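The values are calculated or read from the model by the stated rules, or taken from the named source; none is laboratory data. Note that the coordinates shown come from a computational prediction; the quantities given were computed from them, not determined experimentally. In this analysis, Cβ positions are derived from the backbone assuming ideal geometry, glycine residues included, and neighbour counts consider all displayed protein chains.
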Amino acid sequence: MRLISAFIPIWCLAAAGYGARRQRLLGDDAASVLGRFVFHLAMPAALFTTMAATPVSRFSLPPLLAFAGSAVAVIALSWLLISRWFGRRPGERPIWAMAAGYVNSANLGIPVAQQILGSVSFLAEVVLVQTLLITPVILIALDRHHAEDGRIHLRRIATLPLRNPVILASLLGVVWSATKLPVPGTARTTLGLLAAAAVPAGLVALGASLHVTRPEVAQPPEDAPPESAPPESAPSEGAPPGGRGDPAVGSTRGELAAVTALKLLGQPLLALGAGWALGLSRPELLAVVVCAGLPTAQNTFIFAQEYDTGEALASRSVALTTALSLATLAAAAALLGR
């Protein structure tokens, strides 16, 4: 029951966004506007305050290696093989990989860690690994495919921390933590207010994105001559054989099933194997497996929206893995708990 209470706010906020969009309380571009607010303002504030308050010197290396190994393995497998198998374009594959291996360590990870582990200390290490190791790789790849010529430019990579608020805020937070610099009171209050908006705004944007409206078909004038109908056997323009739609646009059931299996089963099992190999204690194994089994982070949807690629898969994978992770996390807690 305590674990369910950690999920209820997530579901409620996403449902609120979906309902507001369905009832037209939010406009057609609401998800995009909220997503850009989170990406450029709220998320950087949250990352800076989290990193600045995280003592880097207290990290435990073996559990961190077990988690990082599972995340990197799943992301690499998804990026290089499985996303290509489903016909995703190169620019969409980083989002596919992120959906399969990037965990929700913030808004869901914190309450889950408190309920199952009784502490969020290891979660802070997970946040650091994802922010400083995985996020820059994902963003560099997205930035490359977002460039007009689609090539890697060393100048663009070197200036990415200055152009990308997520990376910049994370690096500044680590600097503040390492140097133990104080954050001025006014700045701390301002950043705290922005950081507090990151989770609810991101979840409302996610819920709003799940409501897809059908485009209205313009009716011809009454006096317009009738148009000849295309032959029934002629396929629609751009549709692949079989009528399943463009795989680069829609997210098929097979893709969602693969993402969900990798995220909720593959990554925790890899983390468990790595933890056993490294000789972790039972509490350390529980922490590593629970954190690896967290659902897809909503940052996946925010990044997809910011770079206008893979939004359908990102939003649906976040929603589906969040809904199903309650069962898998409960099973992990029952099997490895004390």
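Would you confirm whether any residue within region 2-14 is of a type in the set (Lys, Arg), touching a residue at least 40 places away in the same chain (Cβ under 8 Å) and farther than 30 Å from Ala334 by Cα? Show your work before the answer.
Of region 2-14, the ones of a type in the set (Lys, Arg) are 2.
Right, trim to touching a residue at least 40 places away in the same chain (Cβ under 8 Å) and you get 2.
When the remaining residues are screened for being farther than 30 Å from Ala334 by Cα, the result is none.
Among the residues of region 2-14, not one is of a type in the set (Lys, Arg), touching a residue at least 40 places away in the same chain (Cβ under 8 Å) and farther than 30 Å from Ala334 by Cα, which makes the answer no.
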Check your understanding: Do we find a residue being among the β-branched types (Val, Ile, Thr), at pLDDT below 85 and either more than 18 Å from the chain's Cα centre (by Cα) or surrounded by 13 or more Cβ atoms within 10 Å (Cβ to Cβ) (or both) anywhere in region 67-74?
Key -> no
Revision key, fill the gap. Leu280 passes all but one of the listed conditions (1) assigned to a loop (DSSP other than H, G, I, E, B); (2) modelled with pLDDT under 90; the exception is number (2)
Study note, to complete from the structure: Of the residues in region 91-106, those that are crowded, with 20+ Cβ neighbours inside 10 Å and either modelled with pLDDT under 75 or in a loop (DSSP other than H, G, I, E, B) (or both) come to Glu92, Tyr102, Asn104, Ser105, Ala106
Practice item. Could you please give the count of residues in region 27-77 that are basic (Lys, Arg) and under 29 Å from Arg93 (Cβ atoms)? Key: 1
Exercise for review: Mind telling me which of the residues Leu294, Leu320 ends up being touching a strand residue (DSSP E or B) at 6+ places or on another chain (Cβ under 6 Å) and modelled with pLDDT of 85 or more?
Suggested key: Leu294
Practice item. Collect the residues in region 60-102 that are over 19 Å from Phe303 (Cβ atoms) and among the hydroxyl-bearing types (Ser, Thr, Tyr), keeping them in residue-number order. Key: Ser60, Ser70
Point to revise | Gly35 being surrounded by fewer than 22 Cβ atoms within 10 Å (Cβ to Cβ) and over 19 Å from Leu128 (Cα atoms) | key: no
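This table checks each residue for (1) surrounded by fewer than 23 Cβ atoms within 10 Å (Cβ to Cβ); (2) without any contact (Cβ under 8 Å) to a residue 40 or more places away in the chain; (3) under 18 Å from Leu203 (Cβ atoms).
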{"residue": "Leu278", "(1), (2), (3)": "yes, no, no"}
{"residue": "Glu284", "(1), (2), (3)": "yes, no, no"}
{"residue": "Leu294", "(1), (2), (3)": "no, no, yes"}
{"residue": "Ser317", "(1), (2), (3)": "no, no, yes"}
{"residue": "Thr328", "(1), (2), (3)": "yes, no, no"}
{"residue": "Leu335", "(1), (2), (3)": "yes, yes, no"}
Practice item. Go through (1) under 22 Å from Ala14 (Cβ atoms); (2) in a helix (DSSP H, G or I) one by one and return the number of the condition Leu294 breaks. Key: (2)
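For every residue, the table says whether it meets (1) out of contact with any Pro (no Cβ under 6 Å at 6 or more places or on another chain); (2) surrounded by fewer than 22 Cβ atoms within 10 Å (Cβ to Cβ); (3) within 14 Å of Thr54 (Cα to Cα); (4) modelled with pLDDT under 85.
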| position | (1), (2), (3), (4) |
| --- | --- |
| Ser121 | yes, yes, yes, yes |
| Ile134 | yes, yes, no, no |
| Arg144 | yes, yes, no, yes |
| Gly150 | yes, yes, no, yes |
| Ala158 | yes, yes, no, yes |
| Leu172 | yes, yes, yes, no |
| Thr189 | yes, yes, no, no |
| Ala196 | yes, yes, no, no |
| Leu203 | yes, no, no, yes |
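Within region 51-65, does at least one residue satisfy the condition of being assigned to a helix (DSSP H, G or I), surrounded by 14 or more Cβ atoms within 10 Å (Cβ to Cβ) and within 18 Å of the chain's Cα centre (by Cα)?
We begin by selecting, within region 51-65, every residue assigned to a helix (DSSP H, G or I); these are 51-52, 56-58, 61-65.
If we keep only those that are surrounded by 14 or more Cβ atoms within 10 Å (Cβ to Cβ) as well, we get 51-52, 62-65.
Retained after the next criterion (residues that are within 18 Å of the chain's Cα centre (by Cα)): none.
Among the residues of region 51-65, not one is assigned to a helix (DSSP H, G or I), surrounded by 14 or more Cβ atoms within 10 Å (Cβ to Cβ) and within 18 Å of the chain's Cα centre (by Cα), which makes the answer no.
Considering each of Ala66, Ala30, Ala97 in turn, give the residue that is aliphatic (A, V, I, L, M) and more than 24 Å from Gln305 (Cα to Cα).
Numbers: Ala30 fails: more than 24 Å from Gln305 (Cα to Cα); Ala97 fails: more than 24 Å from Gln305 (Cα to Cα).
After ruling out the rest, the residue left standing is Ala66.
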